[in-house]
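Undergrad: Submitted below is the structure of interest, expressed as structure tokens.
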Amino acid sequence: MAEFPKEFVWGAATAAYQIEGGATEGGKGLSIWDVFSHTPGCTYRGETGDVACDSYHRWKEDLALLQSMHLKAYRFSVAWTRIAPNGGTDWNEEGFAYYDTLVDALLEAGIEPYVTLYHWDLPQALEEKGGWRSEETARAFASYAAKMAEHFKGRVHQWFTFNEPACIVKMGYGTGEHAPGLKLPLEGQFTCWRNVIYAHCLAAQELRHADPENKVGFVSTGRICYPVSEAKTDVDAARVLTFACPDDDWAFTHTMALDPVCLGRWPEPDICGPRLAASIAAVPQYINDALPLGKPDMVGLNIYNAAPAQMGENGPSYVERPAGYAHTAMNWPVEPECLNWGPRQMQERYGLPMFITENGLSCTDKVYRDGKVHDADRIDFLARYLEKLSEGIHAGADVRGYFQWSLLDNFEWHSGYRERFGLVYVDYATGQRIPKDSAFWYGEVAAANGQSI
Ligand code: IFM
């Protein structure tokens, strides 16, 4: 049994490059993902987002799906290159027109748009001038945010600036698994990091300036550790491991994303590795001065799993999962406690309203002989996770809403179309959408504000 606050927001999430297609239509410019996915060897089977779910043309079907699930909120991202094809201030009217139509139709249907301004598809023209290695990109992002806020004033009030700096920086500029595919040392990655944070702060100021009613959010992902027992020692151990930022594992932490924007300062040196601490100490003063501008009205948390932890003889330590532990098609562990302890730990440290901006799983979904998609694994996963989220809320975490990742099966970055995360199955050959069993189930959950779980 799960219980959620009365005004709890139930939604689903997507991102532009993963669903839209229309890669060269409507005056859109090239993004780093257009270039990266077309570079041999960079994605699974060379797959690209050129067509993806074709939502650029089929968005009405997607809207109907949201309505059929009784969802009152849709988190989607805007392709920066539709609005500013070269990343500058040559605005593209056709790009605005596409999102105008979508936003107006959502509002008409009583579905609130939660707009993410950056879900990884940097204009290639900006990458060629240094990408996130350059502060100019932060300033370009702020101009884009200002223009978006002005254009959508009165229609969009919920804005997330960035989705997951960990993936933008670590995977894009560290391991090179994501666009633009660079492999910089820690110091170079940190320059990108601080520029993303700076961009958020400048953009937050623009969004608020355009309309004081705008709510500004920032979406983080990273390591969460949960205690193996309620004992205070284990609870403390899990918290320490969640927020630690060692040199070999600092990017996938909520600390590095949320301390600067929520607390207006970087993590303390004693929880950072020495190279990271040195990079933090060298941040230019004007960036540090801008941090307080970035304080979000809502913290977005993308939470998929967590690691068990305890207080060992030598201090906080990880606990090995049992043999044969449950995992998803993508091999991510199934760990419902993440939605209980994650938000509680974030509540303690940041004390701000939160949204679960992503949660879900990939399954080996297929169309059965009866023409339906029976994804019992997804239903079981979501029920377990939502029960734990409800527990976390009752324990004091101020979580205002939940966005399922994802509305549709879509282009899963370097994994191409191999992973299916959707509530709705997409036949990529035809674009046909088939709501999975979980879509019907989630629709009932949303309609009953979680009480059907
Ligand atoms: O598909 C991604 C999304 O773009 C960002 N968060 C994680 C999802 C699943 O990998």
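The values are calculated or read from the model by the stated rules, or taken from the named source; none is laboratory data. Everything numeric in this text was worked out from a predicted model, so none of it was measured. FYI the Cβ positions are ideal-geometry reconstructions off the backbone, even for glycines, and counts take in every protein chain you see. The area values use the complete protein model at the heavy-atom level, side chains included, leaving out ligands, DNA and RNA. Shrake-Rupley method; radii C 1.70, N 1.55, O 1.52, S 1.80 Å.
Undergrad: Here is a list of conditions, (1) more than 16 Å from the ligand (Cβ to nearest atom); (2) part of a helix (DSSP H, G or I); (3) within 30 Å of Gly416 (Cβ to Cβ), and Lys170 meets all of them except one; can you say which number that is?
TA: With respect to (1) more than 16 Å from the ligand (Cβ to nearest atom); (2) part of a helix (DSSP H, G or I); (3) within 30 Å of Gly416 (Cβ to Cβ), Lys170 is out only on (1).
Undergrad: Please go through the range 318-350 and give me each residue that is among the aliphatic types (A, V, I, L, M), free of Cβ contacts under 8 Å to residues at least 60 places away in the same chain and buried (at least 20 other Cβ atoms within 10 Å of the Cβ), ordered by number.
TA: Residue satisfying the conditions is Leu339 alone.
Undergrad: Quick one: is Ser229 among the polar types (S, T, N, Q), within 16 Å of the ligand (Cβ to nearest atom) and touching a residue at least 24 places away in the same chain (Cβ under 8 Å)? First the steps, then the outcome.
TA: Working: among the polar types (S, T, N, Q): yes; within 16 Å of the ligand (Cβ to nearest atom): no; touching a residue at least 24 places away in the same chain (Cβ under 8 Å): yes.
Considered against the rule, which asks whether it is among the polar types (S, T, N, Q), within 16 Å of the ligand (Cβ to nearest atom) and touching a residue at least 24 places away in the same chain (Cβ under 8 Å), Ser229 comes out as no.
Undergrad: Could you tell me which residue of the range 351-368 is most open to solvent (accessible area, probe 1.4 Å), considering only residues that are touching a helix residue (DSSP H, G or I) at 6+ places or on another chain (Cβ under 9 Å) and within 16 Å of the ligand (Cβ to nearest atom)?
TA: Among those residues, the one meeting the criterion is Thr364.
Undergrad: Is it true that Asp50 is open to solvent by 30 Å² or more (accessible area, probe 1.4 Å) and touching a His at 6+ places or on another chain (Cβ under 9 Å)?
TA: Criteria met by Asp50.
Undergrad: Just to check your reading of the model, which residue among Glu112, Glu136, Glu206 is of a type in the set (D, E, K, R), more than 15 Å from the ligand (Cβ to nearest atom) and without any contact (Cβ under 8 Å) to a residue 12 or more places away in the chain?
TA: Just a single option satisfies the conditions, and that option is Glu136.
Undergrad: OK, next. Given the conditions (1) within 16 Å of the ligand (Cβ to nearest atom); (2) open to solvent by 30 Å² or more (accessible area, probe 1.4 Å); (3) assigned to a loop (DSSP other than H, G, I, E, B), which single one is not true for His178?
TA: So the condition that His178 fails would be (2).
Undergrad: Please identify the pairs in which a residue from the range 150-166 that is closer than 18 Å to Lys72 by Cα and away from the ligand (no atom under 16 Å from the Cβ) has its Cβ atom under 8 Å from the Cβ atom of a residue that is part of a strand (DSSP E or B) and of a type in the set (Lys, Arg), counting only partners at least 6 apart or on another chain.
TA: Going by the 8 Å Cβ cut-off, the qualifying pairs are His157/Lys215; Gln158/Lys215; Trp159/Lys215.
Undergrad: Taking the range 400-451, which residues are open to solvent by 40 Å² or more (accessible area, probe 1.4 Å), within 16 Å of the ligand (Cβ to nearest atom) and more than 19 Å from Asp54 (Cβ to Cβ)?
TA: Of everything in the range 400-451, just one residue is open to solvent by 40 Å² or more (accessible area, probe 1.4 Å), within 16 Å of the ligand (Cβ to nearest atom) and more than 19 Å from Asp54 (Cβ to Cβ), namely His414.
Undergrad: The conditions are (1) crowded, with 22+ Cβ neighbours inside 10 Å; (2) in contact with a strand residue (DSSP E or B) (Cβ under 9 Å, 6 or more places away or on another chain); (3) hydrophobic (A, V, I, L, M, F, W, C); (4) within 28 Å of Glu127 (Cα to Cα), and Leu71 fails exactly one of them. Which is it?
TA: (4)
Undergrad: Is there any pair with a first residue in the range 291-302 that is within 16 Å of the ligand (Cβ to nearest atom) and a second that is β-branched (Val, Ile, Thr) whose Cβ atoms are under 7 Å apart and which are 6 or more apart or on different chains, and what are they?
TA: Gly300/Val219; Gly300/Thr357; Leu301/Ile356; Leu301/Thr357; Asn302/Val219; Asn302/Thr221; Asn302/Thr357
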